[in-house]
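A.B. asks: Okay, here's the structure, questions in a sec.
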Amino acid sequence: MSSRFIRTGLACALAIGLLGAIAGCSGSSSAPPQLPAAQVGVVTIQPENQPITTELSGRTRARLSAEIRPQVGGIVQQRLFEEGALVKAGQVLYQLDPASYKASYASAQASVAKAEATVNSAKVTARRNAELAKIDAVSQQTNDDSQATLQQAEAELGVARASLDTARINLGFTRITAPIAGRIEASTVTPGALVTASQTTALTTVQQLDPIHVDVTQSTTDLLRLQRELTAGTLKSSSDKSEASVKLLLEDGTVYAHAGRLQFASVTVSEGTGAVTLRILVPNPERTLLPGMYVRAVLEEGVAERALLVPQQGVTRTASGDASALVVTADNKVEKRALKVSRAVGNRWQVTDGLKAGERVIVEGSLKVKVGDTVKPVTADTTATVASAASAGTTR
């Protein structure tokens with residue numbers, strides 16, 4: 001009896017132990033250990049006064065340009081300049097054969113001398129007849145004729161002097177001079193060539209390269225946007241437009257050594273391109289810039305006060321162009337925000353709606369998390385992030 005009781009007790013104890021073990025296994029499978037929160041790099045958005053620039057393309061133009069053409073015809077005797085050299089205003093460039101013009105000038109001088117002699121003789125006669133007419137020694141008709149002869153002689157003297165001036169001018173035109181200072185181009189004629197007055201083909205061209213003009217174009221869309229922002233107060237004018245400093249970028253991407261100055265904006269919109277022309281005056285002491293070169297001008301439009309700028313890698317866009325960003329909330333939860341973006345400022349976007357100052361935007365590790373996740377935010381190295389995005393050559 002006691003032996004059966006013992007066996008029964010052992011069986012009950014074994015059954016209780018098995019049930020306990022099963023219950024323990026069941027409890028461990030229903031409560032698995034939690035994974036650590038994913039670490040993401042964030043940038044805390046702070047307002048800042050940001051100069052807003054725009055980059056416009058254009059070409060260089062000579063500030064002054066003069067096509068050299070003869071004003072009288074003749075044979076070119078000499079070319080008195082070195083092609084490609086700098087010339088001064090008034091410097092003689094070509095000498096035409098002056099022989100025929102010298103003869104014309106000498107003839108005009110003789111005509112003037114003859115006319116002057118005629119005038120002197122007519123004056124004497126007119127004066128004498130005037131005195132004789134007072135005492136009725138000559139008729140009034142004779143006196144009137146002598147006065148008319150004097151006036152005619154004086155008129156002929158005026159014509160002769162005008163002819164002399166013309167001959168002098170034409171003789172001077174045989175020396176073709178530079179009307180402006182600048183660099184001279186190649187000559188289209190050689191000594192011995194026959195040239196004619198006001199011919200179509202220029203003998204050469206002189207261009208003033210220091211300073212030089214840069215003409216760039218700006219679309220009316222950008223111009224209207226700028227005016228709206230200035231009117232609304234979202235953009236403050238940084239300086240007087242006429243004194244705005246302009247940085248130039250050359251074709252190879254290097255920055256030109258000298259800053260330019262905006263001179264004026266055209267008041268006419270091109271019907272073909274819908275753009276206005278802006279002219280920039282740029283120092284060019286080394287003659288690095290040559291007429292016709294392609295350049296890009298960086299102009300400062302104004303200053304965006306308390307602008308919110310987000311690194312471009314922290315902003316995603318849909319196929320339709322809608323922008324959004326992942327934001328870490330105060331309780332370290334991931335939240336998606338729809339953004340309104342106005343422009344790119346370097347490697348950042350200027351956000352006008354959707355973010356507030358002090359909020360944290362995810363710029364690293366966004367692919368590891370989703371909306372609603374709890375994350376561990378750390379401050380991102382924005383310098384390294386921007387360099388990485390630039391080397392990748394893509395913008396999210």
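Since every read-out is calculated from the coordinates, none of them should be taken as a lab result. The shown structure was predicted, so the numbers you read here are calculated from the model rather than taken from an experiment. Don't worry about glycine lacking a Cβ; one is built from the backbone with ideal geometry, like all the others, and counts go over all protein chains shown.
A.B. asks: Report the net charge of residues surrounding V334, where surrounding means a beta-carbon distance below 14 angstrom and charges are Lys +1, Arg +1, Asp -1, Glu -1.
C.D. replies: +2
A.B. asks: Report the label-to-label distance for D145 and A259 in nanometres (one decimal), using points 7 Å from each Cα along the Cα→Cβ vector.
C.D. replies: 8.5
A.B. asks: Going down the list K247/K340; K114/K134; K333/K356; K333/K368, which pairs span over 20 Å between their C-alpha atoms?
C.D. replies: Cα-Cα > 20 Å for K247/K340; K114/K134; rest within.
A.B. asks: So, one more: Which log10 I(q)/I(0) values, to two decimals, does segment 99-172 give at q = 0.11, 0.21 Å⁻¹ under the Debye formula with one point per Cα?
C.D. replies: -0.38, -0.79
A.B. asks: Follow-up. Quote the FRET efficiency, to the nearest 0.05, computed for A130 versus A110 with a Förster distance R0 of 35 Å and r equal to the Cβ-Cβ distance.
C.D. replies: 0.70
A.B. asks: Still on this structure, I have one more. How would you rank H258, H213, going from fewest to most other Cβ atoms within 10 Å of each one's own Cβ?
C.D. replies: H258, H213
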